[in-house]
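Written out below as structure tokens is the structure these notes cover.
The values are calculated or read from the model by the stated rules, or taken from the named source; none is laboratory data. All of these numbers come straight from a predicted model, not from anything done at the bench. Ideal geometry is used to build each Cβ from the backbone, glycine not excepted, and the neighbour counts take in all protein chains shown. Note: areas computed on protein heavy atoms with side chains; ligands, DNA, RNA excluded. Shrake-Rupley method; radii C 1.70, N 1.55, O 1.52, S 1.80 Å.
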Amino acid sequence: MTFSYAPALLREFPELVASVRHVTGVRAMGDVSRLVRPFCDLAARRLEGRSESDLPEIQAWRRTFSKMGLKPTQYRCAAEALLRRFRKEGSLPSIHPLVDLCNGISLAFAIPIAVFDLDKVRGGLQVRHAAGTESYETFAGEIEHPEPGEVIFADEGGRAHARRWTNRQSGLSAIRPQTDRVLIVAEAMHETAGEDMGRLGEALDGALREVGLTIG
């Protein structure tokens with residue numbers, strides 16, 4: 001499958017830095033708590049004496065959401081939502097080994113990471129402005145339609161796999177026990193995003209290889 005950004009979106013947000021991985025072998029993953037713990041420890045150190053909203057990575061996404069006409073305190077990027085929960089509760093719930101690993105890395109770098117089950121994606125996946133006719137399935141199984149102009153991850157079947165860009169993924173392509181092929185997308189907007197994304201990529205690749213996954 002192909003992954004891309006619409007040219008109009010890249011013109012609107014030239015500061016975007018993204019990192020993408022195709023990964024297979026997910027079904028055979030085991031426990032990753034040993035790998036996740038150091039990333040959570042790093043996040044805890046970064047949050048000492050401050051809120052997640054003070055981090056430059058999160059501030060950049062807040063500016064992006066404001067530019068999209070969204071209230072940043074109402075709609076948060078996935079990384080901010082994770083950090084906020086982690087700061088309040090001191091931990092995150094275990095969901096799936098790959099999701100737990102990506103959530104840990106997202107916490108450490110304060111950069112949103114999306115993980116999509118490729119068997120649920122029709123054709124290519126593009127980040128673009130919505131026409132308003134696309135269908136989006138919530139985690140409760142309800143069907144919504146994005147607002148026209150909203151930034152979504154859309155496949156060739158007219159299905160939205162994420163709404164409001166990095167705010168919320170779809171329940172349709174969420175990772176499940178039977179998932180084997182995934183697309184991992186990390187996105188950043190802050191000033192040092194290029195350098196930080198390089199470090200995130202190294203950390204992610206190292207962790208994926210350690211658990212025996214194949215990176216495409």
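Some notes on this structure:
- Checked against the criterion of being over 22 Å from residue 41 (Cβ atoms), polar (S, T, N, Q) and without any contact (Cβ under 8 Å) to a residue 40 or more places away in the chain, the candidates 214, 166, 133 yield just one match: 133.
- Cβ pairs under 7 Å, 6+ apart, first in region 144-160 and over 20 Å from residue 71 (Cβ atoms), second hydroxyl-bearing (Ser, Thr, Tyr) and in a strand (DSSP E or B): 145/135; 145/136; 158/135; 159/135; 160/135; 160/136
- Boolean, residue 47 is of a type outside the set (Asp, Glu), closer than 14 Å to residue 86 by Cα, open to solvent by 40 Å² or more (accessible area, probe 1.4 Å) and in contact with a helix residue (DSSP H, G or I) (Cβ under 6 Å, 6 or more places away or on another chain): no
- Residues in region 8-19 that are open to solvent by less than 50 Å² (accessible area, probe 1.4 Å) and within 22 Å of residue 192 (Cβ to Cβ): 9, 13, 16, 17, 18, 19.
- The residue that is nearest to residue 63 (Cα to Cα), among those in region 176-196 that are assigned to a helix (DSSP H, G or I) and touching a helix residue (DSSP H, G or I) at 6+ places or on another chain (Cβ under 8 Å), is 193.
- Region 67-93 residues that are under 13 Å from residue 53 (Cβ atoms), paired with ones that are part of a loop (DSSP other than H, G, I, E, B) and at pLDDT 95 or above (beta carbon under 6 Å, 6 or more apart): 77/112; 77/166; 79/110; 79/111; 79/112
- Here residue 65 meets each of (1) of a type outside the set (Gly, Ala, Ser); (2) open to solvent by 10 Å² or more (accessible area, probe 1.4 Å); (3) farther than 20 Å from residue 45 by Cα with one exception, condition (2).
- Within region 76-131, considering residues that are aromatic (Phe, Trp, Tyr) and in a helix (DSSP H, G or I), the one farthest from residue 204 (Cα to Cα): 86
- Residue identified as within 23 Å of residue 15 (Cα to Cα) and open to solvent by less than 10 Å² (accessible area, probe 1.4 Å) among 110, 114: 110
- Any pair with Cβ under 7 angstrom, 6 or more apart, that starts in region 21-50 at a residue that is under 20 Å from residue 198 (Cα atoms) and assigned to a strand (DSSP E or B) and ends at one that is open to solvent by less than 30 Å² (accessible area, probe 1.4 Å) and β-branched (Val, Ile, Thr): 21/184; 23/182; 23/184
- Scan of region 169-216 for residues that are open to solvent by less than 50 Å² (accessible area, probe 1.4 Å) and among the basic types (Lys, Arg), ordered by number: none
- Residues (open to solvent by 40 Å² or more (accessible area, probe 1.4 Å) and assigned to a loop (DSSP other than H, G, I, E, B)) located in region 132-148: 133, 139, 140, 141, 142, 145, 147, 148
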